[in-house]
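Report on one structure; see the data block that follows.
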Amino acid sequence: MKTEKQTTELKRKEIFWLIGTAIFALILNFCLFGVDGFKSESVTDINVHDTYFVIADFHFIILISVLIFFGIYLIRVLKRNFKNLSANLILIIATILFSIVMDGVSTIVDTFAQLTNGWTIYPTLAGEVEPKPKNSENNFGIIFSIIFVFQILLLILLAYCGFKTGLNYKRIE
C-alpha cells in the first residue's frame with residue numbers, strides 16, 4: 001500500500017507534468033503563430049485551384065495542442081504500463097479530443113478530395129458536353145482513408161486504455 005506522502009507526491013508530480021505540457025504547447029504555438037495567432041481574427045488562407053479556404057489560426061492551435069497532450073501522455077502511459085491513474089485519465093481525455101479534431105481534419109480533406117476530383121455544373125451550359133465522372137482515386141482520397149483508419153485505431157486505443165485503467169483502479173481501492 002502507498003502511504004499518504006507517496007500519494008501526495010504522485011499527485012504533485014502529475015500536476016507538474018500537466019502544467020509543463022500546457023506551457024510547452026503554448027510556447028510551441030507561440031513560436032509557430034506568434035502573438036497574432038492567438039487573436040480571434042487571425043486566419044490562414046489555403047488556396048486550392050480557384051477556391052480559397054479560410055481557416056482560423058485558433059483551429060490549428062487546438063490541433064497542435066491536442067496532438068502534444070496526446071503524444072506526451074501516450075508515451076508516459078506506455079512507459080508506466082497504465083499504472084498511473086491520473087495520466088491514464090488525461091490520456092483518455094486527450095484521445096477523445098484528438099479523435100474529434102481528426103474528424104474535423106477528415107472533413108476538410110474530404111472537401112479537398114471532392115474539389116480536386118472535378119465538379120460538374122448543373123445544368124450544363126449550352127453547347128457543353130457533360131463531363132464523365134472520374135473514378136480515379138486522388139491523393140486527398142488516400143489521405144482521407146488513412147485518417148479514417150487512424151481514427152479507428154484511436155478508438156481501439158481508447159477502449160484499451162479505459163479497460164486497463166478500470167483494472168488498475170480496482171486494484172487501488
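The values are calculated or read from the model by the stated rules, or taken from the named source; none is laboratory data. Worth saying up front: this structure is predicted, and the values here are computed from it rather than measured. With ideal geometry, Cβ positions are generated from the backbone for all residues, glycine too; neighbour counts draw on all protein chains shown.
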Response to the item:
Among residues of the stretch 15-28 being aromatic (Phe, Trp, Tyr) and surrounded by 12 or more Cβ atoms within 10 Å (Cβ to Cβ), the residue farthest from residue 93 (Cα to Cα) is 24
Practice prompt. For the stretch 29-42, state whether one or more residues are under 17 Å from the mean Cα position of the chain (by Cα) and surrounded by 15 or more Cβ atoms within 10 Å (Cβ to Cβ).
Written response: yes
Worksheet item: So which residues in the stretch 83-135 are modelled with pLDDT of 90 or more and assigned to a loop (DSSP other than H, G, I, E, B), if there are any at all?
Response: none
